[in-house]
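Structure first, commentary second.
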Amino acid sequence: VPGQMPGMPSVDWNGVFVGDNGNAVLAVQGSQGNYVGYVQLQGQQYQFQAHLDDLTLHGMFSAGGGQYEFWADREGPTVYLYLGDTTYVMQQRQ
C-alpha cells in the first residue's frame with residue numbers, strides 16, 4: 001500500500017457504522033489517511049474531516065457553535081467511537 005509504513009497493518013475505514021440502536025451513525029470515506037464523512041447523533045448529522053493517528057481515526061466537527069473532537073478505533077466490523085465522555089460501540093452496516 002503506497003505511503004504505508006512497512007509492516008504496519010492497514011485498516012479500511014470506508015463504510016457506515018451504526019450503534020446505540022441506530023441513534024449513532026459514523027459514515028466514513030477517503031483514502032491515504034485523509035477522510036471525510038458525518039457523525040449522526042439523535043438524527044442530527046455533523047460533517048467532519050479526519051485523519052489517521054497510527055490506526056486511530058481522529059477528526060473534528062462543528063455543532064451548536066462549538067468544535068468537537070472524536071477518535072475511533074476499529075477491530076474488524078466493530079468500531080469504538082469516543083466522543084467526549086461517551087463511547088459508542090458500532091457495527092459496520094452491510
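The values are calculated or read from the model by the stated rules, or taken from the named source; none is laboratory data. This one's a predicted model, so the numbers in the text were calculated from it and none came from an experiment. A quick note on method: Cβ atoms are made from the backbone with ideal geometry, for glycine too, and the neighbour counts reach across all protein chains shown. Each accessible area value is taken on the protein alone, full model and side chains, heavy atoms only, with ligands, DNA and RNA left out. Shrake-Rupley method; radii C 1.70, N 1.55, O 1.52, S 1.80 Å.
Residue count for the stretch 41-59, restricted to those that are assigned to a loop (DSSP other than H, G, I, E, B) and farther than 15 Å from VAL79 by Cβ: 3. Would you check which residues across the stretch 44-89 are within 10 Å of the chain's Cα centre (by Cα), open to solvent by less than 50 Å² (accessible area, probe 1.4 Å) and in contact (Cβ under 8 Å) with a residue 60 or more places away in the chain and list them? Selection gives VAL79, LEU81. Between a residue in the stretch 8-37 that is without any contact (Cβ under 8 Å) to a residue 12 or more places away in the chain and any residue that is among the β-branched types (Val, Ile, Thr) and not in a strand (DSSP E or B), which pairs come within a Cβ distance under 6 Å, given they are 6 or more apart or on different chains? Hits for this filter: SER10/VAL1. Residue count for the stretch 13-40 under the criterion of being part of a strand (DSSP E or B) and over 15 Å from MET60 (Cβ atoms): the result is 11.
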